[in-house]
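Laboratory data are not the source of any read-out in this text; all were calculated from the coordinates shown. These numbers come from a predicted model, not from an experiment. Cβ sites come from the backbone with ideal geometry, for glycine too, and all protein chains shown count toward neighbours.
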Amino acid sequence: MTTEKTELNVRTAVRDRYSKIAEEFQSGTQTDCGCTPVPTSCCGDDGDTKDESVHIAALEKYYQNVDTDTLPEEVTGLSLGCGDPITLAALTPGQRVLDLGSGGGIDCFLAGQRVGETGHVIGVDMTPAMLEKARANKTRLGINNVEFRLGEIEHLPVSDASIDVIISNCVINLSTDKAQVFREMFRTMRPGGKIAVSDMVTEGKLPDGLRESLSAWAGCVSGALDIEEYISGIKNAGFVDVEITPEYLDRDQVDDAVRQLGGEIQLGGLSKEAVYKAVFSAKITARKPA
């Protein structure tokens, strides 16, 4: 299979997965079918839903310094990330913010609260069904400083040097061309701007079978870059002062993530202990030279 064909298949699988999440989501039936490896996520059997208490616990884990109670369930129920880029970004009033893979809009709305009326937030997502949810939430909340655009993070519908801060929550790892994503981030950012990303990464390479599973790509695990490759990709795009802070997953989360990939996925001789240490959520910051 050609590289182009593989990239198309992966992109289609990811779009289909997140379209299904958006279309099937209903207030009161919490779901977490994105990157967060938790029990009964949509990476498992069709129709699985997550208990509300588990979903709330995930929000509290990742957004420890953010009050998500300011947002309705229609927004928080579509939280699919693996971290808190909002706190990491340390946003200030008046900034222009870009969210890569904005989904239902939770990070955009939280960012909008921090940049205020003089600031502006742009969310980019390639899934029309997710954009529909996000735009409906924007209308429901009466928010004027947030907008959502259809597009791929490898080809951002954003003008050059127009963004102060770029955030993303467990989305870049889904791309098959991360180097292009980093180049687009650099292009759209103003000199002196900042990256604040939460993403899944690895320390050491995962087995090929794990990486090649389309269901694994949609679950954020097999698309994760080795941390050294991730850092190199950001630096090669032109960013400086790259900093990584790891947040290791609970062992039961890793067990669930592996189980959700299906029994046919082999770990290639990698021990469970090695898997526990190999995959983690990372807080990643960098800046564009002024």
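By other beta-carbon atoms within 10 Å, ranking F148, F109 with the fewest at the front produces F148, F109.
Note on T176, T92, T188: ascending count of other Cβ atoms within 10 Å places them as T92, T176, T188, the fewest first.
Pull out a ≥ b ≥ c, the square roots of the eigenvalues of the alpha-carbon gyration tensor of region 78-169, then state rounded if a/c is under 1.5, prolate if not and a/b is larger than b/c, and oblate in the remaining case. Because its axes are fairly even, with a/c under 1.5, region 78-169 counts as rounded.
Give me T245, T76 sorted ascending by neighbouring Cβ count inside 10 Å, so fewest comes first.
T245, T76
Modelled label positions at E117 and E203, each set 7 Å beyond Cα in the direction of Cβ, lie 4.8 nm from each other.
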